[in-house]
Every structure is written in structure tokens, then in C-alpha cells.
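We did not get these values from a lab; they are worked out from the coordinates using the rules stated. Since the structure is predicted, the reported quantities are computational estimates derived from the model, not experimental observations. Every residue, glycine among them, receives a Cβ derived from its backbone with ideal geometry; neighbour counts consider all protein chains shown.
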Amino acid sequence: MASLKDMRVRIAATKATQKITKAMQMVAASKLRRAQAAAEAARPYAERMGKVLGSIAGAVGDLGSAPRLLAGTGNEQVHLLLVCTAERGLCGPFNSAIVRLARERANALMAEGKEVKFFCVGRKGYEQLRRLYQKHIIEHVELRAVRSLGFENAEGIGDRIVKLYEEGAFDVCTLFFSRFKSVIAQIPTAQQIIPPVFEGEAGNDTGAIYEYEPDEDEILTELLPRNISVQIFRALLENSASFYGAQMTAMDNATRNAGEMIRKQTLTYNRTRQAMITKELIEIISGAEAAR
């Protein structure tokens, strides 16, 4: 059995840990509001761009003359999985949920005889994926030095993805991230961005006929690469909000668990101390009775 001193040290250590988790919870809560506002502000632009490009793509008659980012390579043999996770942990199952979705997709594609490559954004996803897919990871980007996410961060990643596609490194690219729903709910999401899959891809449903100036192919050549960067930027913002929500929930649970541990440890300490005092009293009384 541990001594009273060991129990006091353990209780003090648990209280110190509780203070840390409480502080982390408050920091995550303060950062969550700004990250959530940024993620929600990015959604309408990203969704509207997808609809506009889907409408223009639906007006393109011959996909053979369309840009390769829209038409694809004509093959689906090589898949690039762009996995976006956080740079830090202590956020519950946030990172592992995204990695699990990507791992399931990779295993399913490999079972079909496809070739899979990984592009990792974020340290935690890279650390988990390299255990099983070290040879399949072709690129790794960390954003630890970035204090505030900006479009330039996503644009750099998007430009690299487009360059790899033009070099023939892959045929299909799928983006993995966690969509923010609430503080206690983050939804792991997979979105194909090359060739893009648009909602309402068949064109506009208003019955109106549009004439484009310049023509559709030229517009798509300009907007498709930008759309990739926009979707990546949205994913990074969604991840940021989801991370702080998950961390806030995880630290709240950790603080509650620490409080319960302190209560149990204090109860055990008091019982042990009372038992030792009782034992000493019995020994004193027994010694006095024997001396009579």
C-alpha cells in the first residue's frame, strides 16, 4: 500500500493536471468562436463556386476539349488521398477519425487493384499514416509555424496538387477533412476535387440559356485550379474549428475525470490516515493496559 506521503504527492499531481486541462479547455473555447466564424463564412463562397463551375461544366458539350482538371485523364488507376489533420493532439478522436476514413478508402482502392498515394497536411495524420503507408506518402506539409490560416497556405498546397496532376502523378484526388457541425460533433468528410464532382453538374435548372464571355473552356481553365485551392482552404478552416471543438470537449472530460480522481484519492487518503491513527491509538491503549 502507498504511504501517506505518496498519496499526497499523487493528489497534488492530479490537481496540477486538472488546472492544465481546465486552462486548455478555456483557451480552446476562446479560439473556437473565431475559428467557427471563419469556417461558416467560407462555406457559402466554396459552395457557390462549386455550383457555378458545375453549371459551366454542364454547358460544355465535348469533354474531350475541356481542361484536364475537369475531364480527367480518362483513367482511375492512381488515386491521391489528400489527408488534412491537426498539428497537435489532446483533441479526442478528431485526428484518428479522419485518418480512419482515409485508411478505409485506401484499403478499398487497393483491394480493387488501384494504386494509392498520400499527401499529408498536418503532423498528426502523417504520424499515423506512416506506420502503415510509409512508402505511399509522397508529400508532407506542416502548418505548425502558421499562426493564422490564410488563403495563401491553401493556395500553396493547391498549386502543388495541380503540378503533380500535370506531371501525371495521379488520376483522381480526394480531399479528407472534418466538417464542423457543433462542439460535440465533427463529421469526417471525403470530397473528390480532381476531377471535381459538382452538385447540379447537369447545368442550371432555371431553364435560362447563358452565353459566356470568354467561352466556357477559358473560364474553366482559370477557375478550376482556383477552386481546388478554395476547397482546400475551406477544409483547413473546417478542420481548425473542428479541432478546437474536439479539444474543448476532450479537455472538459479530462477536467471532470481529474476531479473524480481527486475525490477518490482524497477519500482513500483520509481512510488510510484514519486507519493509521486508530491503529496507533489501539497500540497506545494496549501498552497502557499491559503496564498495569
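If you put +1 on each Lys and Arg Cβ and -1 on each Asp and Glu Cβ, how big is the dipole of segment 213-292 around its Cα centre, in Debye rounded to 20?
Its charge dipole is roughly 1520 debye.
So, counting K/R as plus one and D/E as minus one, what does the shell of residues with Cβ under 9 Å around residue 123 add up to?
Once positives and negatives cancel, what remains is 0.
Under a point-charge model restricted to the Cβ atoms of Lys and Arg (+1) and Asp and Glu (-1), what is the dipole moment magnitude of the chain relative to its Cα centre, in debye to the nearest 20?
Working: 39 positive and 34 negative charges, 629 e Å.
Here the size comes out at about 3020 debye.
Can you list residues from other chains, or at least 5 along the same chain, whose modelled amide H is less than 5 Å from the amide H of residue 173?
80, 193, 194
Counting DSSP beta bridges in the chain, what percent are antiparallel, to the nearest 5?
Percent antiparallel among DSSP bridges in the chain is about 40.
Need the full-extension length gain, residue 22 to residue 68, defined as separation in residues times 0.36 nm minus the C-alpha distance. One decimal, nm. Mind dumping the intermediate values first?
Working: separation 46, 0.36 × 46 = 16.56 nm, distance 5.09 nm.
Full extension of this stretch gives 11.5 nm more.
Work out how much length residue 2 to residue 142 would gain on full extension: take 0.36 nm times their residue separation and subtract the Cα-Cα distance, in nm to one decimal.
Gain in length upon complete extension: 45.9 nm.
Residues with beta-carbon under 9 Å from that of residue 87, excluding residue 87: net charge, scoring Lys, Arg +1 and Asp, Glu -1?
Around residue 87, the charge tally is +3.
Below 14 angstrom from the Cβ of residue 105, what's the summed charge of the other residues (Lys, Arg +1; Asp, Glu -1)?
0
How many times 2.2 N^0.38 Å is the alpha carbon radius of gyration of segment 131-171?
Segment 131-171 yields a ratio of 1.41.
Could you tell me which of 169, 188, 150 has its Cα farthest along the dipole of segment 141-190 towards the positive end, charges placed at Cβ (Lys, Arg +1; Asp, Glu -1), taken about the Cα centre?
Final value for the positive-end residue is 188.
I need the phi-derived Karplus couplings for segment 50-57: 6.51 cos²θ - 1.76 cosθ + 1.60, θ = phi - 60°, integer Hz, Gly and Pro marked x.
Karplus values, whole Hz, x for Gly and Pro: x, 5, 5, 5, x, 5, 5, 5.
For segment 81-92, in order, what is each residue's ³J(HN,Hα) by Karplus, 6.51 cos²θ - 1.76 cosθ + 1.60 with θ = phi - 60°, in whole Hz (x at glycine and Pro)?
9, 8, 9, 9, 10, 8, 8, 10, x, 6, 9, x
Would you indicate which of [x] 7, 29, 36, 20, 7, 3, 0; [y] 6, 22, 24, 17, 10, 7, 5, 4, 2, 1, 1, 0; [z] 6, 27, 35, 24, 7, 0 is the value of P(r) over Cα pairs in 10 Å bins from 0, in percent derived from the coordinates of this structure?
Here the calculated entry is [y].
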